[in-house]
Amino acid sequence: MTSRAVLVTGASRGIGRAVARAFAAGGDRVAIHHRDSAEAAERLRADLPGEGHVVVRADLTDPQAVGAMVDEAATRLGGLDVLVNNAGVYGERDAPHPVFGTSYEEWRERWRQVLETNLTGAANVTWCAAQHMRERGGRIVNVSSRGAFRGEPEQPAYGASKAGLNALGQSLAVALAPYGITVATVAPGFVETDMTTEHLDGERGAAIRAQSPFNRVARPEEIAAAVHWLASPEAEWASGTIVDLNGASYLRS
């Protein structure tokens with residue numbers, strides 16, 4: 001397979017970093033997107049195997065910045081073949097926002113923050129990327145969450161944003177198929193990253209691991225492997241699918 005041009009949002013750490021590594025290991029050229037983690041993004045770029053990798057920056061809540069970032073990635077990579085919508089937030093400082101115990105002002109602000117990044121931001125990145133894929137096809141993979149199905153009572157905006165991302169992916173899988181563009185989604189459960197270390201090492205760690213009958217959480221590389229396959233030429237018939245990656249911690253019918 002020839003080298004492809006791949007844009008991974010939120011690629012400076014966690015799942016995004018593992019995804020970038022997986023594509024680079026396969027011989028692809030990767031655009032590492034970040035919002036405010038320039039040093040981590042540059043370290044990753046320097047550490048990736050192969051050549052031609054670049055770092056791009058944008059706040060996904062800024063539509064103009066999104067457009068400029070996608071165009072920059074496509075220009076510097078010589079096109080755009082794959083988009084991985086990985087960037088996501090819970091809200092300011094990952095603050096919980098249950099209905100009771102959250103002021104109306106805080107409630108509205110949490111929903112604005114989360115939806116603008118996780119759903120509207122991903123939709124804007126997708127629109128911009130699709131313009132570069134229209135003539136020669138491409139692959140789009142969205143990183144959702146099991147929270148889209150089981151619910152997130154303490155983080156309802158997050159759960160809703162991921163459910164919306166699932167619906168966006170399935171809608172666009174139909175709309176973009178005539179152009180040779182596939183759209184698929186992965187829905188991880190808890191993943192061991194630098195963002196979750198505090199929870200896993202704390203008093204909740206054992207309970208979190210026990211959610212899965214494997215008594216562990218996912219490794220970022222496991223999520224990256226699924227993303228990499230869904231972006232492969234062999235996975236065209238998986239377009240429109242949502243792949244659960246939660247170690248049987250949540251089973252949906």
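The values are calculated or read from the model by the stated rules, or taken from the named source; none is laboratory data. Just so you know, these numbers come straight off a predicted model, no measurement behind them. Positions of Cβ are backbone-derived with ideal geometry, glycine not excepted, and every protein chain shown enters the neighbour counts.
All conditions but one from (1) over 26 Å from residue 177 (Cα atoms); (2) surrounded by 18 or more Cβ atoms within 10 Å (Cβ to Cβ); (3) modelled with pLDDT of 95 or more apply to residue 104; the one that does not is (2). Residues that are more than 28 Å from residue 173 (Cβ to Cβ), at pLDDT below 95, of a type in the set (Asp, Glu) and surrounded by 15 or more Cβ atoms within 10 Å (Cβ to Cβ) are absent from region 87-98 altogether.
Quick one: in region 95-134, of everything that is in contact (Cβ under 8 Å) with a residue 24 or more places away in the chain and part of a loop (DSSP other than H, G, I, E, B), which residue is farthest from residue 56 (Cα to Cα)? Only one residue tops the list, namely 99.
Of all residues being β-branched (Val, Ile, Thr) and part of a loop (DSSP other than H, G, I, E, B) in region 1-41, which is modelled with the highest pLDDT? Just the residue, please.
9
Residue 81 fulfils the conditions (1) at negative phi; (2) surrounded by fewer than 21 Cβ atoms within 10 Å (Cβ to Cβ); (3) at pLDDT 95 or above except for a single criterion, (2).
Condition first: of a type in the set (Val, Ile, Thr) and part of a helix (DSSP H, G or I). Now tell me which residues in region 59-76 satisfy that. Those that are of a type in the set (Val, Ile, Thr) and part of a helix (DSSP H, G or I): 66, 70, 75. Of the helices (runs of 4 or more DSSP H) lying entirely inside region 140-253, those containing at least 3 residues that are buried (at least 17 other Cβ atoms within 10 Å of the Cβ) and either within 19 Å of the chain's Cα centre (by Cα) or modelled with pLDDT of 95 or more (or both) span 147-150, 156-176, 220-230.
Of all the criteria given as (1) over 16 Å from residue 32 (Cβ atoms); (2) touching a strand residue (DSSP E or B) at 6+ places or on another chain (Cβ under 9 Å); (3) not in a helix (DSSP H, G or I), the one not satisfied by residue 83 is (1). Of note, residue 135 satisfies the criterion of being modelled with pLDDT of 95 or more, out of contact with any His (no Cβ under 6 Å at 6 or more places or on another chain), more than 12 Å from residue 7 (Cβ to Cβ) and of a type in the set (D, E, K, R).
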